[in-house]
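The values are calculated or read from the model by the stated rules, or taken from the named source; none is laboratory data. These numbers come from a predicted model, not from an experiment. Cβ coordinates were reconstructed from backbone atoms using ideal geometry, including for glycine residues, and neighbour counts include every protein chain displayed. Ligands, DNA and RNA are excluded from the accessible area calculation, which covers all protein heavy atoms including side chains. Shrake-Rupley method; radii C 1.70, N 1.55, O 1.52, S 1.80 Å.
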Amino acid sequence: MVSPTRRDRAVRALLARHPLTDHEPLAALLDLQGVRDAAAELRAAFDEVTAPEQPVLHTFAVKAGSLVPVLRLLDGFGIGCEVASPGELALARAAGLAPDRIVLDSPAKTPTELAEALALGIALNVDNPQELARLDALTAGRPPAGPVGVRVNPQVGGGAIDAMSTATATSKFGVALGDPGARAWVLRAFADRPWLTRLHCHVGSQGMPLERMAAGVLATWELAEEINAAAGRRQVDTLDIGGGLPVNFASDEHTPSFRDYARLLRRTVPGLFDGRYGLVTEFGRALLAKSGFILARVEYTKSAGGRPIAVTHAGAQVAVRTVFVPESWPLRVAAYRADGSPKTDGPPVRQDVAGPCCFAGDLVARDRPLPELEPGDLVALLDTGAYYFSNAFGYNALPRPGVYGYSADGDGPAVLTTLRRPQTMAELVAEYGGDC
C-alpha cells in the first residue's frame, strides 16, 4: 500500500523546494520506495511459483514510464526493459540496460530497427509473417546473436476496455492463431528456423480479467508444447507472457496483486513452472501507477448551472485518457491547502475539477464530492505514476511538468530527487520548430 502520510510529506517537501508558481503551476511526484516495493513484490510472487533455477526476466514496459532515471532505477531493482519503438530502445540504452535485459516488441518495426536489434543482440519478438521474411533477409541464413520469438494472438477475447484488449479476434498484434492456416504457418516457421526459440503473447491490460490473461498464457504454452513435440527437442525454450496487470484506481490498495496473478497462472498452466521454460514478463502500469501523483494549483473557482468548478493546471495535457475516456480511467483527487497540509475539513461539496486546456471537456473529475476548493488550493491526481508523467498531450502547447522522485522513510521530511526537469518555454518553442 502507498502511504497517504508519505504522500502528504512529499507535498510539503515539494513546496519547500519547488513551489508551484505562475511559470510552473504543476509537478509530478513518484514514491521511490513504492516503486522498490512493487518491484520486490513482483519478483517474490514469481519466485514463489517457479522451479528452482528457472530463468525469469521481469521487464518494465517503457511506454508506461519513459523516463531514463526511472528505467535506471528499475534496472537496479532487477527489472529490465520492454521497448516498442526506436525511441524507447534509445531510452533503455541511455539508462545503461545490458542487451540481455531488453526485449523489443512492436507491430511496425522497420528494417533499420530490426537491423539495430540484431546488431545489439537484444531479444526480439516478430509480429507477423512479413516481418519474419524481413528478418530472413537481414540474417542471410546466419542465426541471430540474440533470442528471437514470434508473437501470437490466442484470440481469447477482450476485457472492459476495447483499446486495452490485445487478444480479440481482430487485434492488430501478433499472429492470430485461430485464423485459417495461421497455426500451421507458425509450426512451419519454427520447423524451418531452428533459431526461433521463443513465443510471446500479451492479452491486454486495464479492464482485463485475470482469468482471461491466464487463458492466453495457457494457449501459448500449449503451442510451445506442440512446436517442441514436432521438433523432437526443446526448440522453444522461453515464453514471454507479457504483462498488463490491471490497477485499482479506487483506493490506495494494490489489487489485484502480482501474487494473485502468479498463483492463478500456476493453477491454470502448471507446466509453465516445471523449469523447462524460461519466463519473461512485461508489466508496466502495475509497477508504477500507485506510486505517483500529479500536484496542481487551483487558479480560479466559479459556478455554472449551479455546479461549482475548480479550474486547475492539470488537465488533458497530463491526463489525456482520463479526460477523453473518464469512465475507463477515473482518477481519485486529493485536496491540499496552499501550505501543503491536507484539506479535509468542512462538508464535501460536489464540484468539477477542470484543467487548463481550451475545450469544454477538459475535466479530470466530474460532480465529485471534495472539500470546497478555493483559489490557491492544490489538487493531487492520484495513481498517476504510470503513463501520465510521460505520455504528454500537446494541446495548447503547455509545457511538460517536472517529475520528482521522493523518499520518505521514518518520520523525517521527504527527500526529493529530480527525474525530469520542467520543460522551459525555450525548449517548448524549439520542439515546435522555433529553431528552424
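Observations
- Per-atom-type breakdown for the chain gives carbon and sulfur 54% of the accessible area (1.4 Å probe, protein chains only).
- Ranking of THR268, THR220 by solvent-accessible surface, largest first: THR268, THR220 (1.4 Å probe, protein heavy atoms only, all chains present).
- Amide H contacts of ALA176: ASN153, each under 5 Å away and 5 or more positions distant or on a separate chain (H built 1.01 Å from N in the peptide plane; Pro and chain starts excluded).
- Contact order relative to length of the chain, as percent, for alpha carbon pairs under 8 angstrom and 6 or more apart: 20
- Remark on ASP377: its backbone amide H falls under 5 Å from those of VAL298, a criterion applied only to residues 5 or more positions apart or on other chains, H modelled at 1.01 Å from N.
- The helix-based estimate of mean residue ellipticity at 222 nm for the chain, built from -39,500 (n - 2.57) per DSSP H run of four or more residues and divided by its residue count, is -9000 deg cm²/dmol to the nearest 500.
- The distance separating the Cα centre of region 344-367 from that of region 393-436 comes to 23 Å.
- Each Cα pair under 8 Å and six or more residues apart adds its sequence gap; the mean of these over the residue count of region 318-436 is a relative contact order of 22 percent.
- Local electrostatic count, PHE389, Cβ distance below 11 Å [Lys/Arg +1, Asp/Glu -1]: +2
- A 1.4 Å probe, protein heavy atoms only, puts the accessible area of SER257 near 40 Å².
- In order along region 54-63, phi translates into HN-Hα couplings of 5, x, 9, 10, 8, 10, 9, 6, 4, 4 Hz, rounded to whole numbers, per the Karplus curve 6.51 cos²θ - 1.76 cosθ + 1.60 with θ = phi - 60° and x for Gly and Pro.
- Here SER390 sits with roughly 30 square angstrom of accessible surface, probe radius 1.4 Å.
- Integer Hz, Karplus 6.51/-1.76/1.60 couplings in order for region 103-114, x for Gly and Pro: 10, 9, 10, 4, x, 9, 6, 7, x, 5, 5, 5
- Each residue of region 244-250 was assigned a 3J(HN,Hα) from its phi angle through the Karplus expression (A = 6.51, B = -1.76, C = 1.60, θ = phi - 60°), giving x, 4, x, 10, 7, 9, 9 Hz with x at Gly and Pro.
- Amide proton proximity set for PHE60, modelled H, under 5 Å, gap of 5+: GLY80, CYS81, GLU82
- Sequence of THR301, THR384, THR5 from largest to smallest accessible area, 1.4 Å probe: THR5, THR301, THR384
- Region 193-269 and region 3-27 have Cα centres separated by 39 Å.
- Nearest-10 value in Å² for the accessible area of TYR300, using the 1.4 Å probe: 140
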